[in-house]
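Enquirer: So that we are looking at the same thing, I have put the structure below in structure tokens.
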């Protein structure tokens, strides 16, 4: 109730001029100022629109928000595709490291003893066969993920 009564009344503003000539406007009386001028300000709402100015419609803000959200969603989709490529590449790199570790373990197990040469050769052939097949799967997965990302980028450019 007090606010409603105050809203219609004039508001006091003070124009203060300091000793150095600086001018400030404030709502309290000037302390230590060279001069003080009390201004009565009557609030009259927002300034009138300039002629020809177009008012922003509420739907414009909604439209911008929708476009921003759509942009974030598109970026999220692209990030997921890029992550799939990276994941496939990381898996291939881990598998290559594991292959080297398996070869080292086989060499350690069978050593340089000529009696174990055939067992070592068989173990290495088995390792190469297993990791060769897994490498083909990794390469296929990388190609598929990269292709999906490339296709997404092409459609996003349009």
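Just so you know, all these numbers are worked out from the coordinates, no wet-lab data involved. What you see is a predicted model; the values in this text were computed from it and never measured. Virtual Cβ from ideal backbone geometry, glycine too; neighbours counted across all protein chains shown.
Enquirer: Under the 0.36 nm per residue contour assumption, what length would be gained going from the current alpha-carbon distance of residue 100 and residue 13 to full extension? Walk me through the numbers before you get to the answer.
Expert: Numbers: separation 87, 0.36 × 87 = 31.32 nm, distance 8.16 nm.
Separation in residues times 0.36 nm, less the Cα-Cα distance, equals 23.2 nm.
Enquirer: Calculated FRET efficiency, residue 124 and residue 87, Cβ-Cβ r, R0 30 Å, to nearest 0.05?
Expert: Details: r = 29 Å, r/R0 = 0.96.
For R0 = 30 Å, the calculated efficiency reads 0.55.
Enquirer: Which whole number in µm²/s is D for region 73-157 by Stokes-Einstein, with the Kirkwood Rh taken over Cα pairs at 4 °C and 1.567 mPa s? Kindly include the intermediate steps, with their values, before the conclusion.
Expert: Details: Rh = 15.1 Å.
Value of D from the Cα-based Kirkwood radius: 86 µm²/s.
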